[in-house]
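One structure below.
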Ligand code: GLU
């Protein structure tokens, strides 16, 4: 049997971290077993489906590197891959149910007769769930009457307007597309008995069902699109690396059984991934952990990839990625950046003469006695430095400090604020080397002029 998995997004919003994780697990499972990964766009809700949403979702999957074997753009033998284009297939399947007398008309809608028997879902992650749809579906909660009222347990599969209901098209497509493993969010577990009833009505073999427990906020509340870290396009815009996001998502709900936390590529995850390692309890999303992981990935990124990934962020700050100082700057920023967007903040003092001074940092300098003398002595020594290398610069700062009988540290922090705008940032001396001798000296003199005269 060739494993066939699918991700079936409804294009009605953004690509959420929970959905992307579902796509990742499907991709991993298919790749692990030499199978195929299919994308099917569930766009039957014409009023809510948009092209913009579809692009955001598919672009997000491409950015993560979860390329699909069949689906939009890729094509394949089981298309069309948009439910909105599969009406005839659904009609043919409806006819099969009509021929077996398993459906009937109800005020223009079509209802599927659910069997009066226990249906058991053997879920690969969540265990077994047994339901008799005829009994459980025979009442419903009436919010106005505030009580359970009698209901028809048979499932509407086609609305009076001719459009088909999710349960029906979802099952028909999984049968038609030969899906062997339905890996999806736990929010669909309660739908699965209905889906099994439909599989049985069509005389089709059941796929393996694997429902991934939900991904909640740290406080246990449901994650919404407004929560930090919820949407994949924000990771793209904020300078995360796709490998880091995959790493974080993989471990958000799955464990290899070891305490390994860092996987630097999809291939590395693939080696360890198994559905058996998917947790049966809900996961808790921790954005700080995700940022930590991104920082670790940035540290490990080969120099050429680091430059390539950083380029759009540099350009957005007016820094030419081809500038010869850029590679050295990136190496300096590497250790301090959680995201690629942070990198430009760290190295900006090398490329701009319109430094923004952080006022609390400036206050720290100007409130200390003797700073005017410290800065002018420093500027004089640095102006005379004949060897503008890290060693030469260090020696000049040392000499300036000795001339006033002070420690080198007393010179470092005002120097940092005057040349880089704040007490934070990359290592001072290599930054001074990159900023350049004339600019360093004039920045120190201008700073003294502006704040200390
Ligand atoms: N379109 C459904 C959703 O986005 C997919 C359900 C499934 O994977 O079976 O929730």
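Just so it is clear, none of the values below were taken in a lab; they were calculated from the coordinates. Since we're looking at a predicted model, the values are computed, not measured. Positions of Cβ are generated from backbone atoms using ideal geometry, with glycine treated the same way; all protein chains shown enter the neighbour counts.
Residue-by-condition table, conditions (1) surrounded by 16 or more Cβ atoms within 10 Å (Cβ to Cβ); (2) in contact (Cβ under 8 Å) with a residue 60 or more places away in the chain; (3) more than 14 Å from residue 333 (Cβ to Cβ):
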position	(1), (2), (3)
408	no, no, yes
411	yes, no, yes
414	yes, no, yes
418	yes, no, yes
421	yes, yes, yes
427	no, yes, no
432	yes, no, yes
437	yes, no, yes
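Quick check on my filter: what residues within the range 188-214 are within 27 Å of the chain's Cα centre (by Cα) and more than 14 Å from the ligand (Cβ to nearest atom)?
Hit for the range 188-214 is 213, nothing else.
Can you find a residue that is farther than 14 Å from residue 289 by Cβ, over 11 Å from the mean Cα position of the chain (by Cα) and assigned to a loop (DSSP other than H, G, I, E, B) anywhere in the range 228-235?
no
Only helices (runs of 4 or more DSSP H) wholly contained in the range 292-403 count here; list those with 1 or more residues that are farther than 19 Å from residue 419 by Cβ and touching a residue at least 24 places away in the same chain (Cβ under 8 Å).
By residue number, 303-316, 326-334, 340-351, 390-403.
State all residues of the range 63-74 that are surrounded by fewer than 16 Cβ atoms within 10 Å (Cβ to Cβ) and under 16 Å from residue 42 (Cα atoms); if no residue qualifies, say none.
Scanning the range 63-74 gives a single hit, 73.
Can you pull out the residues in the range 243-288 that are in a helix (DSSP H, G or I), out of contact with any strand residue (DSSP E or B) (no Cβ under 6 Å at 6 or more places or on another chain) and within 25 Å of residue 189 (Cα to Cα)? Write out each step before concluding.
Going residue by residue through the range 243-288, those that are in a helix (DSSP H, G or I) are 243-251, 266-272, 275-277, 287-288.
Among the residues that remain, those that are also out of contact with any strand residue (DSSP E or B) (no Cβ under 6 Å at 6 or more places or on another chain) are: 243-251, 266-272, 276, 287-288.
Of everything in the range 243-288, those that are in a helix (DSSP H, G or I), out of contact with any strand residue (DSSP E or B) (no Cβ under 6 Å at 6 or more places or on another chain) and within 25 Å of residue 189 (Cα to Cα) turn out to be 246, 248, 249, 250, 251, 276.
Out of all the residues in the range 364-376, is one or more surrounded by 15 or more Cβ atoms within 10 Å (Cβ to Cβ), in contact with a helix residue (DSSP H, G or I) (Cβ under 8 Å, 6 or more places away or on another chain) and over 19 Å from residue 452 (Cα atoms)?
Taking every residue of the range 364-376 in turn, none turns out to be surrounded by 15 or more Cβ atoms within 10 Å (Cβ to Cβ), in contact with a helix residue (DSSP H, G or I) (Cβ under 8 Å, 6 or more places away or on another chain) and over 19 Å from residue 452 (Cα atoms).
To keep it simple, each residue is scored yes or no on (1) farther than 18 Å from residue 336 by Cβ; (2) over 46 Å from the mean Cα position of the chain (by Cα).
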{"site": "373", "(1), (2)": "yes, yes"}
{"site": "388", "(1), (2)": "yes, no"}
{"site": "400", "(1), (2)": "yes, yes"}
{"site": "413", "(1), (2)": "no, no"}
{"site": "440", "(1), (2)": "yes, no"}
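Need pairs with beta-carbon distance below 6 Å; first residue within 16 Å of the ligand (Cβ to nearest atom) and within the range 141-166, second in a loop (DSSP other than H, G, I, E, B); sequence gap 6+ or separate chains.
The qualifying pairs are 157/165.
Output yes when any residue across the range 177-187 is assigned to a helix (DSSP H, G or I), surrounded by fewer than 17 Cβ atoms within 10 Å (Cβ to Cβ), near the ligand (Cβ under 9 Å from one of its atoms) and on the phi < 0 side of the Ramachandran plot, and no when none is.
Yes, there is a match, as at least one residue in the range 177-187 is assigned to a helix (DSSP H, G or I), surrounded by fewer than 17 Cβ atoms within 10 Å (Cβ to Cβ), near the ligand (Cβ under 9 Å from one of its atoms) and on the phi < 0 side of the Ramachandran plot.
Are there any pairs, at least 6 apart or on different chains, whose C-beta atoms fall under 7 Å, with the first in the range 5-17 and farther than 23 Å from residue 247 by Cβ and without any contact (Cβ under 8 Å) to a residue 60 or more places away in the chain and the second near the ligand (Cβ under 8 Å from one of its atoms) and in a loop (DSSP other than H, G, I, E, B), and if so, which?
10/42
Among the residues of the range 47-67, which ones are more than 19 Å from the chain's Cα centre (by Cα) and in contact (Cβ under 8 Å) with a residue 40 or more places away in the chain?
Correct list: 51 only.
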